[in-house]
Amino acid sequence: MQRFYIVEKEDNISKKLYQKITQSLLSENKEIDSKNPQCVITVGGDGTFLHAVHQFKHLSDVVFVGLHTGTLGFFTDYEAEEIDTLIDHLLHQEPIVESTHLIEVKITHDQSVTTLEALNEIRVENIVRTQEINVYINHEMMEIFRGNGLCVSGQAGSTAYNRSLKGAIIAPGVDVLQLTEIAGIHHKAYQSIGSPLVLPKDTVITLISDNFEGAKILYDYHVIDLEQASKVEIKTSDKKVNMARYRPTSYIKRLHCLF
């Protein structure tokens, strides 16, 4: 690859590693391209990786590789002390590309529709009051949910917020959507499904409410108000995130960073 870009965390260690990678690539006549890179290198943790994905997700052919200096490194393949190995791989090896779909959400406000994408999850959440939501699966009514909200994640996000909701961890290659509840109300008057629901990737999940006052849409690290919306439709996006795997790393080894 000829064109690279680096997204780093704002701390001294990450900045020093950023400088070393930049100097090494430039010394080998590689380009640092902020507009149309072939490979984006992240120096930080999973938060830095997510920022890079959102910055470049409009490029269908770009690949991402991460150097871990942050708190959690589930998406990253290299530790900080392995920087020389990463540089060697960037300069002399071709990666295996592992792709995962983004999740798409369409938010209906009267006559307008806003479309957003996320890698980890999309949440409808209300911490102000109990949120009532009519839940449709492929346009068929499933339930009326009452509680704080609902989370929809894909395979990549199954180990993120979904895991804190006691959702299932999904292995790579299993392309699905997962619907999990956030503090659902369960007593003799109100009941919803309660358990995480794993659905095929071509499923359309529609969330409708007469009143989204106080509710938010949270997609990865972004937050927007949902108060004027009437419908939220979530499905697997056609867009993918491409991970550059320069060396094999087992999924079980990746799971070790979670506990």
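Values in this text are rule-based calculations from the coordinates and carry no lab data. None of these values were measured; they are calculated from a predicted model. Using ideal geometry, Cβ is built from the backbone for each residue, glycine included, and neighbour counts are taken over all protein chains shown.
Fully extending the segment from Ala183 to His58 would add 41.6 nm, taking 0.36 nm per residue of separation and subtracting the current Cα-Cα distance. Within the shell defined by Cβ-Cβ distances under 9 Å, the residues around Ile193 carry a net charge of -2, with Lys and Arg each +1 and Asp and Glu each -1. Approximating the spin labels as points 7 Å out from Cα along Cα→Cβ, the Leu199-to-Lys20 distance works out to 4.6 nm.
Taking the Cα centre of the chain as origin, sum charge times position over the Cβ atoms of Lys and Arg (+1) and Asp and Glu (-1), and report the length of that vector in debye to the nearest 20.
Values: 25 positive and 34 negative charges, 66 e Å.
Result for the chain is approximately 320 debye, rounded to the nearest 20.
Note: relative contact order over region 36-131, using C-alpha pairs below 8 Å and six or more positions apart, is 20 percent. Given their separation in residues at 0.36 nm each and the Cα-Cα distance between them, His139 and Tyr190 gain 16.1 nm when the chain is fully extended.
Note: region 102-239, Cα convex hull, 103 Å³ per residue.
Name the helices (complete DSSP H segments) of the chain with a Cα length along the long axis of 20 Å or more and a Kyte-Doolittle mean of at least -0.5, or state none.
Details: long enough: 12-27 (23 Å, -0.39).
Helices meeting the criterion: 12-27.
Think of region 13-105 as a dipole: +1 on every Lys or Arg Cβ, -1 on every Asp or Glu Cβ, centred on the Cα centre; then among Thr76, Asn36, Val97, Asn36 lies furthest on the positive end. Its Kirkwood hydrodynamic radius, worked out from the mean inverse distance over all distinct Cα pairs, puts the chain at 19.5 Å.
For Glu31 and Asp238, what is the calculated FRET efficiency with R₀ set at 45 Å and r taken between the beta-carbons, to the nearest 0.05?
So, using R0 = 45 Å, E works out to roughly 0.95.
Using +1 at the C-beta of Lys and Arg and -1 at the C-beta of Asp and Glu, which of Gln111, Ser27, Pro248 has the Cα lying farthest in the positive direction of the dipole of the chain? Value: Pro248. Projecting the Cα atoms of Pro196, Ile13, Ile234 onto the dipole axis of the chain, where Lys and Arg carry +1 and Asp and Glu carry -1 at the beta carbon, places Pro196 farthest toward the positive end. Beta bridges assigned by DSSP with both partners in the chain are antiparallel in approximately 75 percent of cases.
Averaging sequence separations of C-alpha pairs under 8 Å and six or more residues apart, then dividing by the length of region 1-68, give the relative contact order as a whole percent. Kindly include the intermediate steps, with their values, before the conclusion.
Details: 101 pairs, mean separation 26.3, N = 68.
Result for region 1-68 is 39 percent.
Between Glu121, Glu82, Glu181, the Gaussian network model of the chain with springs among Cα atoms under 10 angstrom shows the greatest mean-square fluctuation at Glu82.
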